[in-house]
Amino acid sequence: MPNNDIRKLFRDLQRDINREAKRHPLKIPITGEEQGGRLFSHGSSSHTTVNNGPIFNASVQGSHLSWTTGGDVYQVVSADSAVEQLVKVVGDVLNALPDLDMASADRAVAHEAADEVLLEVSKPEAERERSTIRRLLVQMKGALVPVATGTASGTSGAIAQSLISNLNVLS
């Protein structure tokens, strides 16, 4: 049998199997008891699970899978730890800005720089401009320096010093 005939045969077979699977979904009774973070099956139950997607009988690691039966599919991708740390520190700066005793112009500079950093890191990694991120971090630190060097009253100076230290770790 030529390869094209075999491929057509498998395509037809796959189409027929999928059509039948849609008409008669697979129903699997599942029961279990969690012990030490693992699910152990026992007994029978009236619970039913309908699987309208792939089932894997082997280890599947590092793969991205999605399927739908008519609804939306959402994907969650974790960022690398450096980006997560950057976003956390910039978020800390944004959260602290309203409470810091600082000039409104400095507050505006820090806020704008922080917003731009968040926009830059939300881009795909290949499109991020590291030099832009570094420049914006320097702007944020520059806006916080007057508060950290003692011109502020109360705890604002200590908070600003802590924020600058955290920003220094990033640059």
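Every read-out reported here was derived from the displayed coordinates using simple, explicitly stated rules and does not represent laboratory data. For clarity, every value in this text was computed on a predicted model and none was experimentally measured. Every residue, glycine among them, receives a Cβ derived from its backbone with ideal geometry; neighbour counts consider all protein chains shown.
Could you list all residues from the range 85-102 that are under 18 Å from GLU116 (Cβ atoms) and either among the charged types (D, E, K, R) or over 16 Å from the mean Cα position of the chain (by Cα) (or both)?
Within the range 85-102, LYS88, VAL89, VAL90, ASP92, VAL93, LEU94, ASN95, ALA96, LEU97 meet the criteria.
Among the acidic types (Asp, Glu) and in contact with a Gly (Cβ under 9 Å, 6 or more places away or on another chain): is that true of ASP115 in this structure?
Working: among the acidic types (Asp, Glu): yes; in contact with a Gly (Cβ under 9 Å, 6 or more places away or on another chain): no.
Answer is no for this residue.
Got a number for residues in the range 94-106 being buried (at least 17 other Cβ atoms within 10 Å of the Cβ) and more than 12 Å from SER156 (Cα to Cα)? Lay out the reasoning, then the answer.
Taking the range 94-106 and keeping what is buried (at least 17 other Cβ atoms within 10 Å of the Cβ), we get 96-97, 100, 102, 106.
Narrowing the set further to residues that are more than 12 Å from SER156 (Cα to Cα) leaves 106.
Residues that pass the stated criteria total 1.
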